[in-house]
Amino acid sequence: MKQEIIISGFGGQGVLSLGKILAYAALMEGKEVTWMPAYGPEQRGGTANVTVIISSEPISSPILSAYDSAILLNQPSLDKFEPKVKPQGDLIFDSFGILDKPTRPDIHSWQIPAMETAAELGMMKCFNMFILGGYLKLHPIVDIESVIKALRKTLPERHHHLLPTNEQAILKGMEIIQPASL
Amino acid sequence: MKEENEILLLKGNEAIARAAIRCGCDGYFGYPITPQSEVLETLAELKPWETTGMVVVQAESEVASINMLYGGGGTGKRVMTSSASPGIALMQEGISYMAGAEVPGLIVNVQRGGPGLGTIQPSQSDYNQATRGGGNGDYNVIVLAPASVQEMADFVDLAFTLAFKYRNPAMILSDGVIGQMMEKVVLPPAKPRRTEEEIARECPWASNGHGLKQRKPQVITSLELQPDIMEERNRHLQAKYKLIQENEVRYETHCTDDADYVIVAFGSAARISQKAIEIAHEKGLKVGLFRPITLWPFPEKEIRELSHRVKGFLVVEINAGQMVFDVRLAAEGRIPVNQYGRLGGIVPSPDEIVDELFKLAEQAKA
């Protein structure tokens, strides 16, 4: 088992923490993981991205030329990484703010209205967990229980009362992801 | 603090800090700079002064940090600093003094793109500085190049051990990739800091103000105005460096046994090259990896031996061509030695390296 994933979006969308929670959950299931962020001025509002690799075998490069799955949360990310999805790989995007949708016929594109749903439900802070839910629907590489354990480990204790809300967001994300029409 | 092994998901920089506390480090002196600020941040967060008694000082500058290291090391304590390329450049005077006065200590360089202030993105362009001394005078620093977060943790204790064994500064030469990425780490069991008695036993040269009744005052200095004495001291240093070259070379090989071509790469470049090798194998090219772990002492003999068996080397390093000269010296012109790197903070992708491998194969055939 091996998944090579790029997660990219605006700074502040929870891109890096989404990757971290996924990596942590995999680690707790005894898998090998790497989490490699673009660590520049992105944190202050530009585009942020992180490469996450989860594998049952030791991992070579933390930096990749092509990805099994791409989670792309803004237009610049989609423009940059769509060409780097492996043939038959998965591209997940939130249509919010995306004018030019993915066009490649040789990959599977999935749309998840996470921003809209999060706003409707008043759960904007869990935006990235809707996305994670959508991803896990396609690639159940970790159990939800491990994700919740990972959240418990990575969130400061004062936020632990939000764990059920996060779980709700993950489950909702699994429901709302759908194939994108090209 | 836990005494058993601890498994965590950590950034390389965090691993360095945690490993330092666990291996009985006595003091850290440093000044923040990207991409290594998490070393100091993690130490500040973990407050080891409340548990092991380890001192953590945010110094006023890199120059102050390295001079604190000189002072701390001079008393026989396990002391360290960390910085990134421009900060390490500022420390070179102090490192040279430490080498001259034979003061042990650990310097961590999480490299970023240069020259000058450069960028904050990963680079390996301080190879020459690290492996040729870096400051004035004839001297060497023991240089370890970690290629994983696990090695970031493991090399802290190793670097201290070597530094004290040879009374010489040791350096962990890392980069922004290894410093910033997170991986699974098994932290070693915690061991206590050495007691004053242990230090007195292991470091009879230390100048700590405790031995005055039994002996003459210790003098720790790099200055000697009599050139004949200074030449003797240099000969002593050179003999020591020779000993280190004979005993402390470390490296790792991967698929080199039946390889036609071998990539020579260290640190993050070795990791990326490993992926390139996986792709090259799928395309039918027999490629192996030689990864120097000690950059000084350099595994010259091992690379020379390999140059008799393979058709070409590709040196992959994130700079304009520095280690390639050491590989060429070792290969003695027997086979083509190409170099590939990206500059200024750009990291090469596995695909780019695969292309270079095929170019090398073409060239070797012609």
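The values are calculated or read from the model by the stated rules, or taken from the named source; none is laboratory data. Fair warning: this is a prediction, and the values are worked out from it, not measured in the lab. Positions of Cβ are generated from backbone atoms using ideal geometry, with glycine treated the same way; all protein chains shown enter the neighbour counts. In case anyone asks, the SASA skips ligands and DNA or RNA and just uses the protein heavy atoms, side chains included. Shrake-Rupley method; radii C 1.70, N 1.55, O 1.52, S 1.80 Å.
Structural remarks
- Protein accessible area in the protein assembly as shown, 1.4 Å probe - carbon and sulfur %: 52 percent
- Accessible area per residue for region B:84-236, computed on protein heavy atoms with a 1.4 Å probe, is 42 Å².
- Antiparallel DSSP beta bridges within region A:2-179, as percent of all bridges there, nearest 5: 55 percent
- Violating pairs (Cα-Cα greater than 20 angstrom) within the set A:LYS149/B:LYS47; A:LYS20/A:LYS84; B:LYS275/B:LYS359; A:LYS2/A:LYS80: A:LYS149/B:LYS47; A:LYS20/A:LYS84; A:LYS2/A:LYS80
- The orientation-averaged projection of the convex hull spanning the C-alpha atoms of chain B amounts to 19.1 square nanometres.
- Contour excess over end-to-end distance, with Cα ends at B:GLU278 and B:LEU329 and 0.36 nm allotted per residue: 15.6 nm
- Tensor-based shape of the protein assembly as shown (alpha-carbon gyration tensor, a/c under 1.5 rounded, otherwise prolate or oblate): oblate
- Positive-end extreme of charge dipole, region A:2-179 - chosen from A:LEU91, A:ILE6, A:LEU155 (charges on Cβ): A:LEU155
- Projecting the Cα atoms of B:SER273, B:TYR241, B:ILE263 onto the charge dipole of region B:203-307, computed from C-beta unit charges around the Cα centre, puts B:TYR241 farthest toward the positive end.
- Rounded to the nearest whole angstrom, the semi-axes of the ellipsoid equivalent to region A:2-179, taken from the Cα gyration tensor as √(5λ), stand at 22, 20, 16, largest first.
- Measuring only protein heavy atoms, the 1.4 Å probe finds A:LYS149 accessible over about 120 Å².
- Using Cβ point charges alone (K and R +1, D and E -1), the dipole size of region B:148-222 about the Cα centre works out to roughly 540 debye.
- Compared with its chain on its own, region A:62-86 contains the following residues whose accessible area drops by 30 Å² or more in the full protein assembly (probe 1.4 Å; ligands, DNA and RNA excluded): A:PRO62, A:ILE63, A:SER65.
- Per residue solvent-accessible surface (Å²) - region A:2-179, probe of 1.4 Å: 42 Å²
- Summarising the label geometry, the points placed 7 Å from Cα in the beta-carbon direction at B:GLU202 and A:LYS80 lie 4.6 nm from one another.
- Buried on complex formation within region B:180-210 (loss of at least 10 square angstrom of accessible surface versus the isolated chain, 1.4 Å probe, ligands and nucleic acids ignored): B:GLN180, B:MET181, B:MET182, B:GLU183, B:LYS184.
- Remark: the Cα gyration tensor places region A:28-112 in the oblate category, a/c being 1.5 or greater and a/b not exceeding b/c.
- Of the residues B:CYS255, B:CYS203, ranked by 1.4 Å probe accessible area with the largest first, the sequence reads B:CYS255, B:CYS203.
- Rounded to the nearest 20 debye, the dipole magnitude of region A:2-179 is 340 debye, with +1 charges on Lys and Arg beta carbons, -1 on Asp and Glu beta carbons, and the Cα centre as origin.
- Coupling constants for region B:151-157 follow from the phi torsions by the Karplus curve (6.51 cos²θ - 1.76 cosθ + 1.60, θ = phi - 60°), and in residue order they are 5, 4, 5, 5, 6, 5, 5 Hz; glycine and proline get x.
- Residue by residue, region B:79-89 carries 3J(HN,Hα) couplings of 10, 9, 9, 9, 6, 10, 2, x, x, 5, 4 Hz when phi is fed to the Karplus relation 6.51 cos²θ - 1.76 cosθ + 1.60 (θ = phi - 60°); x denotes Gly or Pro.
- For the residues A:PHE130, B:PHE164, A:PHE96, A:PHE10, a 1.4 Å probe over the protein chains yields an accessible-area ranking, largest first, of A:PHE96, A:PHE10, B:PHE164, A:PHE130.
- Summary of the geometry: region B:35-93 and region A:81-106, compared by the centres of their Cα atoms, lie 46 Å apart.
- Here's the picture: charge each Lys and Arg Cβ at +1 and each Asp and Glu Cβ at -1 in region A:2-179, and of A:ILE54, A:GLN111, A:LEU136 the one pushed furthest to the positive end of that dipole is A:ILE54.
- Debye, to nearest 20: dipole size of region A:128-182, +1 on Lys, Arg Cβ, -1 on Asp, Glu Cβ: 140 debye
- Within-15-Å neighbourhood charge of A:LYS84 [Cβ basis; K, R +1; D, E -1]: -4
- Accessible area buried between chains B and A, both sides summed, probe 1.4 Å, in Å² to nearest 100: 2000 Å²
- FRET efficiency, B:ARG235 to B:SER61 (Cβ-Cβ, R0 30 Å, nearest 0.05): 0.30
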